[in-house]
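Below is one structure; the comments refer to it alone.
Values quoted throughout were computed directly from the atomic coordinates according to the rules given, and no laboratory measurement underlies them. As the structure is a prediction and not an experimental result, all values here were calculated from the model. So basically every Cβ, Gly included, is an ideal-geometry build from the backbone, and we count neighbours across all protein chains shown.
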Amino acid sequence: MRTINFSINVPGIEGRLAINAKSYDAMHREYSNEGLALLAKAGRQLSPLNRKLCIEYARDVLGGPQYAPGLQVYAAFAGVFKEGWIPNNYYGTYVVPTRNGAYGKISARRGLAFPLLQSDSLPDRIYLINGRFFDRYMNSVPDGMVADIAFKDDAKVVFKLDSSQQGKGVHIVQRSDFSTDKLLSLGEGVLQQFIQQHEVFRQLSPEAVATLRLTTVMDPSGPPVLRAAFLRMGRAGNNHIVTDAEIDVAIDIHSGAFHDCAYTSNWEPCTHHPDTGHAFRNQILPGFSESVALVLKLHGKLSYVQNIGWDIAINAEGKPVLMEWNGGHNDIVFSEATTGPCFRGLGWEHIHRTHPHLNRSPPSRIAKLLNGRH
């Protein structure tokens, strides 16, 4: 949600900066406190007992009280404390660097998506890399042919910048005013087919394409498994989903059923979409089983990146379309709060004991991706 937002804009190559663990945790505490205030406003007050349990669990299990604020957000939302929750700053300090490492960063380079995954589920048509245009097979494309390949018979496409997140760096491009010079001025990224979404989502979120976030992890003893799922929907006036104005609803990972209640970016509950009035109760996500099968298959091709967040759109025919994959600091906050603990049994709570050095100086890539909504 908006209140667990650790995005940092920093000058320099790829936004690198030196950030120590103390400032990282202090920033997390600030946003967690804001989240607690908004949850209290929505009627979800953290009890003294649950506050105490979070502090004790953070200290005794996770290695320090700096992990208590994130746990307290989960406990305030759930109304109870649950062992096994992973707070966002612990995830960023220990889990992402040890399970995904430098290889997780490649997901930010959109031009590598098709070469790596080789999947027709990707809507990628043209990549812009180092000032040059390429098709999905990495063949160089002359400027004069870019529009024909990118648009085909469509009137509009979507351009996404590399490393874009939170809905920033996303542009809807009309063929009538397309210009390669304009595109070059924006920076590196991908031109994707504009998805005509399934009727269910047109009713829920007609202006912005709804996306299903599926989180898969490599099981220590076997293949990848699905651990969390939720649906992001847009708000009126936005032609794509923007983090500060979205509606999220948890999805049952076994059935694809919507939870009865969704939440705004300010943790406000809603049983109906506030703009369309469409109810969430008794909804089943179309194409859910196909989406799960797709991301599990694709994760098998990227087993060296052990935690991945996949963003899926469901087209008019009910087929999954892979909009992007996230191997950096992908979102866990919403799923942990609404359906967690999602990652129990993976041993993540012990990583700080085997990798204590990570707490002294989180990698610069984590500073770049300190974002609970990536």
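Things worth noting here:
- Along principal axes, Cα extents of region 191-240, largest first, whole Å: 45, 24, 18
- Local charge for Ala40 was computed over the other residues whose Cβ lies under 13 Å away, with Lys and Arg +1 and Asp and Glu -1, and equals +1.
- Long-range lysine pairs (8 or more apart or interchain), the chain, Cα under 22 Å: 23
- Here the gap between Ser303 and Val61, fully extended at 0.36 nm per residue and compared with their Cα-Cα distance, gives a gain of 84.3 nm.
- Rounded to whole Hz, the Karplus (6.51, -1.76, 1.60) HN-Hα couplings of region 268-278, x for glycine and proline: 7, x, 8, 8, 10, 4, x, 9, 9, x, 7
- In terms of the mean number of neighbouring beta-carbon atoms within 10 Å, the peptides 45-52, 283-290, 64-71, 267-274 order highest first as 64-71, 283-290, 267-274, 45-52.
- Amide H within-cut-off set for Val141, under 5 Å, with H built and near neighbours excluded: Phe133, Phe134, Asp135
- Modelled FRET efficiency - R0 45 Å, Ala26 with Asn239, Cβ distances, 0.05 increments: 0.80
- Annotation: amide H of Ile241 within the under-5 Å range of Val209, sequence separation 5 or more or interchain, hydrogens built in the peptide plane.
- Spacing of the modelled spin labels on Met138 and Ala42, each 7 Å from Cα toward Cβ, amounts to 4.4 nm.
- Packing, as the average of other Cβ atoms within 10 Å across residues, places the peptides 306-312, 77-83 in the order 306-312, 77-83, highest first.
- Summary of packing: across the peptides 242-251, 84-93, the per-residue average of other C-beta atoms within 10 Å ranks them, highest first, as 84-93, 242-251.
- Restricting the calculation to alpha carbons of region 124-193 gives Rg and Dmax of 11.0, 32 angstrom.
- Within region 28-58: backbone nitrogen closer than 11 Å to the Asn266 label point (7 Å, Cα to C-beta): 38-39, 41-42
- Subtracting the Cα-Cα distance of Ser221 and Asp181 from 0.36 nm times their residue separation leaves 9.4 nm of extension gain.
- The simple Förster model, with R0 at 30 Å and r as the Cβ-Cβ distance, assigns Leu296 and Asp154 a FRET efficiency of 0.50.
- Amide H partners (placed H, <5 Å) of Leu285, local residues excluded: Ala257, Phe258
- Total formal charge among the other residues, if their Cβ is under 11 angstrom from that of Phe114, Lys/Arg +1 and Asp/Glu -1: 0
- Net charge contributed by nearby residues that have their C-beta within less than 10 Å of Asn89 (K/R +1, D/E -1): 0
- Counted residue by residue at 0.36 nm each, then reduced by the alpha carbon distance between them, the extension gain from Asn33 to Ala102 reaches 21.8 nm.
- The helix-only estimate of mean residue ellipticity at 222 nm for the chain, built from DSSP H runs of length n ≥ 4 each weighted as -39500 (n - 2.57), is -7500 deg cm²/dmol after division by the residue total.
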